[in-house]
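S.K.: First, the structure itself, so that you have it in front of you.
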Amino acid sequence: MMGRPDTYVSSVHVRDAGEAVASALDAPSGIFNVVDDEPLTKRAYADALELASGTSAWVRAPGRAALVLGNRTTSLTRSLRVANDKFAAATGWSPRYPSAREGWAATAQVLLAGG
(Lines give C-alpha, C1' and ligand atoms only; values in the text may rest on other atoms or scores of the structure.)
Protein backbone atom coordinates (compact mmCIF):
# COMPACT_ATOMS: atom_id res chain seq x y z
CA MET A 1 0.00 0.00 0.00
CA MET A 2 1.29 3.43 -0.82
CA GLY A 3 0.96 6.29 1.60
CA ARG A 4 0.94 6.53 5.35
CA PRO A 5 -0.16 3.30 7.06
CA ASP A 6 -2.62 5.16 9.30
CA THR A 7 -4.56 6.60 6.35
CA TYR A 8 -7.66 4.93 4.98
CA VAL A 9 -8.55 2.99 1.88
CA SER A 10 -12.05 2.01 0.81
CA SER A 11 -12.52 -1.07 -1.34
CA VAL A 12 -15.19 -3.47 -2.53
CA HIS A 13 -15.04 -7.18 -3.32
CA VAL A 14 -15.60 -7.96 -6.99
CA ARG A 15 -18.69 -10.06 -6.20
CA ASP A 16 -20.18 -7.20 -4.17
CA ALA A 17 -19.42 -4.80 -7.00
CA GLY A 18 -21.23 -7.05 -9.47
CA GLU A 19 -24.27 -7.27 -7.21
CA ALA A 20 -24.19 -3.49 -6.82
CA VAL A 21 -24.31 -3.08 -10.61
CA ALA A 22 -27.43 -5.25 -10.73
CA SER A 23 -28.98 -3.24 -7.87
CA ALA A 24 -28.14 0.02 -9.62
CA LEU A 25 -30.39 -0.89 -12.53
CA ASP A 26 -33.38 -0.05 -10.34
CA ALA A 27 -31.78 2.88 -8.50
CA PRO A 28 -32.92 6.47 -8.97
CA SER A 29 -30.52 8.63 -10.94
CA GLY A 30 -27.71 10.12 -8.94
CA ILE A 31 -24.14 9.68 -7.87
CA PHE A 32 -23.43 6.84 -5.46
CA ASN A 33 -20.42 5.27 -3.77
CA VAL A 34 -20.17 1.50 -3.91
CA VAL A 35 -17.72 0.30 -1.28
CA ASP A 36 -17.68 -2.17 1.57
CA ASP A 37 -19.05 -1.16 4.98
CA GLU A 38 -15.74 -0.64 6.76
CA PRO A 39 -12.88 1.36 5.32
CA LEU A 40 -9.62 0.04 6.75
CA THR A 41 -6.37 1.79 7.43
CA LYS A 42 -3.76 0.89 4.88
CA ARG A 43 -1.93 -1.04 7.59
CA ALA A 44 -5.08 -3.04 8.46
CA TYR A 45 -5.75 -3.65 4.76
CA ALA A 46 -2.22 -4.99 4.23
CA ASP A 47 -2.56 -7.11 7.38
CA ALA A 48 -5.84 -8.58 6.06
CA LEU A 49 -4.17 -9.47 2.77
CA GLU A 50 -1.23 -11.06 4.58
CA LEU A 51 -3.54 -13.09 6.82
CA ALA A 52 -5.65 -14.30 3.88
CA SER A 53 -2.62 -15.25 1.80
CA GLY A 54 -0.74 -16.84 4.66
CA THR A 55 2.39 -14.88 3.77
CA SER A 56 4.00 -11.65 4.81
CA ALA A 57 4.76 -8.67 2.64
CA TRP A 58 8.00 -8.89 0.69
CA VAL A 59 8.80 -5.28 1.31
CA ARG A 60 7.58 -2.87 3.91
CA ALA A 61 8.62 0.69 3.25
CA PRO A 62 7.51 3.90 4.87
CA GLY A 63 4.56 5.51 3.14
CA ARG A 64 6.72 8.52 2.42
CA ALA A 65 8.62 6.40 -0.12
CA ALA A 66 5.76 7.10 -2.55
CA LEU A 67 6.70 10.79 -2.50
CA VAL A 68 9.70 9.94 -4.67
CA LEU A 69 7.30 9.40 -7.60
CA GLY A 70 5.66 12.79 -7.11
CA ASN A 71 2.08 13.60 -8.01
CA ARG A 72 1.69 10.47 -10.17
CA THR A 73 0.87 8.57 -6.99
CA THR A 74 -1.56 11.08 -5.49
CA SER A 75 -4.58 8.84 -6.01
CA LEU A 76 -2.76 5.95 -4.35
CA THR A 77 -1.43 7.85 -1.36
CA ARG A 78 -4.41 9.91 -0.26
CA SER A 79 -6.65 8.82 2.59
CA LEU A 80 -10.20 7.95 1.56
CA ARG A 81 -13.00 6.97 3.89
CA VAL A 82 -15.99 6.43 1.64
CA ALA A 83 -19.46 5.38 2.79
CA ASN A 84 -22.08 3.37 0.91
CA ASP A 85 -25.06 4.63 2.97
CA LYS A 86 -26.72 6.55 0.14
CA PHE A 87 -26.53 3.64 -2.30
CA ALA A 88 -27.70 1.15 0.33
CA ALA A 89 -30.69 3.33 1.21
CA ALA A 90 -31.63 3.82 -2.45
CA THR A 91 -31.32 0.18 -3.51
CA GLY A 92 -31.36 -2.07 -0.44
CA TRP A 93 -27.92 -3.35 -1.47
CA SER A 94 -25.42 -4.34 1.17
CA PRO A 95 -22.04 -5.95 0.69
CA ARG A 96 -21.70 -9.66 1.35
CA TYR A 97 -18.17 -8.91 2.61
CA PRO A 98 -18.33 -5.97 5.04
CA SER A 99 -14.59 -5.24 4.83
CA ALA A 100 -11.44 -6.29 3.01
CA ARG A 101 -10.78 -8.70 5.89
CA GLU A 102 -13.71 -10.90 4.89
CA GLY A 103 -13.28 -10.23 1.18
CA TRP A 104 -9.65 -11.29 1.02
CA ALA A 105 -10.35 -14.33 3.23
CA ALA A 106 -13.14 -15.43 0.87
CA THR A 107 -10.94 -14.87 -2.18
CA ALA A 108 -8.11 -16.90 -0.68
CA GLN A 109 -10.52 -19.72 0.21
CA VAL A 110 -11.73 -19.94 -3.40
CA LEU A 111 -8.18 -19.84 -4.77
CA LEU A 112 -6.99 -22.52 -2.36
CA ALA A 113 -9.92 -24.72 -3.34
CA GLY A 114 -8.79 -24.50 -6.95
CA GLY A 115 -11.59 -22.20 -8.09
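The values are calculated or read from the model by the stated rules, or taken from the named source; none is laboratory data. Everything quoted here is computed from the prediction, not taken from an experiment. Every residue, glycine as well, gets a Cβ built from its backbone with ideal geometry; the counts of neighbours run over all protein chains shown.
S.K.: When SER29 is evaluated against the numbered criteria (1) outside any loop (DSSP other than H, G, I, E, B); (2) at pLDDT 90 or above; (3) small (Gly, Ala, Ser); (4) loosely packed, with under 15 Cβ neighbours inside 10 Å, which criterion, by number, is the only one it fails?
M.R.: (1)
S.K.: Also, quick follow-up: When only residues in the stretch 32-59 that are within 11 Å of the chain's Cα centre (by Cα) and among the β-branched types (Val, Ile, Thr) count, which is surrounded by the fewest Cβ atoms within 10 Å (Cβ to Cβ)?
M.R.: In this case the residue turns out to be THR41.
S.K.: Being more than 18 Å from ALA44 (Cβ to Cβ) and at pLDDT 95 or above, is that true of even one residue in the stretch 95-109?
M.R.: Scanning the stretch 95-109, I find at least one residue that is more than 18 Å from ALA44 (Cβ to Cβ) and at pLDDT 95 or above, so the answer is yes.
S.K.: While we're looking at this one, here's another question. Given the residues LEU80, LEU76, LEU49, which is the only one that is among the aliphatic types (A, V, I, L, M), within 23 Å of TYR97 (Cα to Cα), in a loop (DSSP other than H, G, I, E, B) and at pLDDT 65 or above?
M.R.: Just a single option satisfies the conditions, and that option is LEU80.
S.K.: Return the pairs, sorted by first residue and then second, in which the second residue is surrounded by 13 or more Cβ atoms within 10 Å (Cβ to Cβ) and assigned to a helix (DSSP H, G or I), the first residue lies in the stretch 76-90 and is in contact (Cβ under 8 Å) with a residue 12 or more places away in the chain, the beta carbons are less than 6 Å apart, and the residues are 6+ apart or on different chains.
M.R.: THR77/ALA66
S.K.: Just for the stretch 1-13: of the residues that are modelled with pLDDT under 95 and not hydroxyl-bearing (Ser, Thr, Tyr), which one is surrounded by the fewest Cβ atoms within 10 Å (Cβ to Cβ)?
M.R.: Result: ASP6.
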